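Scroll down for the structure; my scribbles are underneath it.
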Amino acid sequence: MSLLHSGGFLLQQYMCDQYVRMEANNLAYIKMHQADLFAKSYQGLVDHINQQLQVDIPTAVGRRMILPSSFTGGPRYMKQSYHDAMAVVRKYGKPNLFITFTCNPRWPEITQNLARWSAANDRPDLVARVFHAKLKQLLLDITVNNVFGNVDAYVYTVEFQKRGLPHAHILIILSEDSKLLTAEDVDNVVCAFLPDPATERRLFECVTKHMIHGPCGMLNPNSPCMVDNSCSKNYPKEYSDETEYIADGGYPKYRRPDNGPVARVRTLEVSNEFVVPHNPYLLAKYDAHINVEVCSTVKSVQYLYKYIFKGHDAATMELWNGNEIERYLL
């Protein structure tokens, strides 16, 4: 392993610095070439901004810069991506499946290429490349191998969590002959209960490692998902002997029998009420968190598309010199 890849946090800092340099270079180009980037279609936008913000008045200082839609991550880029995705809905209809695929730092492709003294978050380059290969194979299984049936269209976006692990949000629009129309169709592709550990030991281990929420609620009131003494993700779910295809929130009420096995997760015993919906085949094959949700109503379309194109997390900060008098006057 090279000295650079053995840097740990220094490698992470180096990669962040290099990315910031590239982004600053792109922003500098945009700033210096505003006249070249302004198309006629931008003029209406500029006039509207000038009118709303009153930047034409004599007291205004500075000059407003416009980020084009070609700048990845910018607001115009996100809005254009959202509109392009909604155009797909207009042609092919609402999405049928919403899939979240998260990187597993314990994949052999990652652990076998780590030094003895390093962890997965010390090699974001390795993690990103392995996840990209896994994501391509997952999309191949969905679109070519037709795990869920024939696919008309799909869109996806990749995000990175705070600890550096990437995850992808995928929306799938199935063909007319493969759409999920009944509760039996849903049961064929989505499970929300623990498998029998005696006959499906590998699948049972994958579910307990990747597809158990929390635990939270009465079992663990200090769970991060708890807000005002209740789970923000609405866990634990109610038990159900059968799948109810139509649900008020846009998702079916999946089958969760009250007579299933019990698993021990983080020193607590949980049952089917904490199982996240998943596809058994994909879960066992990729050994990672793969949440599969069925979109049963059209109400979920706008929420889902805005969710996957919501942009980066942001924080508002204020810096001041500690002078409370000046702070009060401002």
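The values are calculated or read from the model by the stated rules, or taken from the named source; none is laboratory data. Keep in mind the model is a prediction, meaning the values are calculated, not measured. No Cβ is skipped: glycine too gets one built from the backbone with ideal geometry, and neighbour counts run over all protein chains shown. Just the protein is used for accessible areas: all its heavy atoms, side chains included, with ligands, DNA and RNA removed. Shrake-Rupley method; radii C 1.70, N 1.55, O 1.52, S 1.80 Å.
Inter-label distance, Glu244 to Val20: 5.1 nm, where each label sits 7 Å from its Cα along the C-beta direction. Using a ≥ b ≥ c from the Cα gyration tensor of the stretch 191-290 (square roots of the eigenvalues), is it rounded, prolate or oblate, where a/c under 1.5 gives rounded and otherwise the larger of a/b and b/c decides, a/b for prolate? Judged from the Cα gyration tensor, the stretch 191-290 comes out oblate (a/c at least 1.5, b/c at or above a/b). On full extension, the segment bounded by Asn121 and Glu200 gains 25.3 nm, given 0.36 nm per residue less the C-alpha separation. Ranking His167, His132, His289 from most to least accessible surface, computed with a 1.4 Å probe over the protein chains only, gives His132, His289, His167.
Shape of the stretch 58-205 from its Cα gyration tensor (a ≥ b ≥ c, root eigenvalues): rounded if a/c is under 1.5, otherwise prolate when a/b > b/c, or oblate? Cα axes put the stretch 58-205 in the oblate bin. For Tyr14, the accessible area of its heavy atoms, probed at 1.4 Å with every protein chain present, is near 110 square angstrom.
Rolling a 1.4 Å probe over the protein chains gives Met32 an accessible area of about 140 Å².
For the pair Tyr29 and Ala87 in one chain, pulling the backbone fully straight at 0.36 nm per residue adds 17.8 nm over the alpha carbon distance.
Could you rank Thr199, Thr100 by how accessible they are, 1.4 Å probe, largest area first?
Thr199, Thr100
With the crude spin-label approximation of a point 7 Å out along Cα→Cβ, what separation in nm comes out for Asn150 versus Ile66? Reported label-point gap for Asn150 and Ile66 is 4.4 nm. Could you tell me whether the stretch 138-203 comes out rounded, prolate or oblate from its Cα gyration tensor? Rule is a ≥ b ≥ c as square roots of the eigenvalues, rounded for a/c under 1.5, then prolate if a/b exceeds b/c, otherwise oblate. Here the stretch 138-203 falls in the oblate category. The calculated FRET efficiency for Leu3 paired with Lys136, based on their beta-carbon distance and R0 = 35 Å, is about 0.70.
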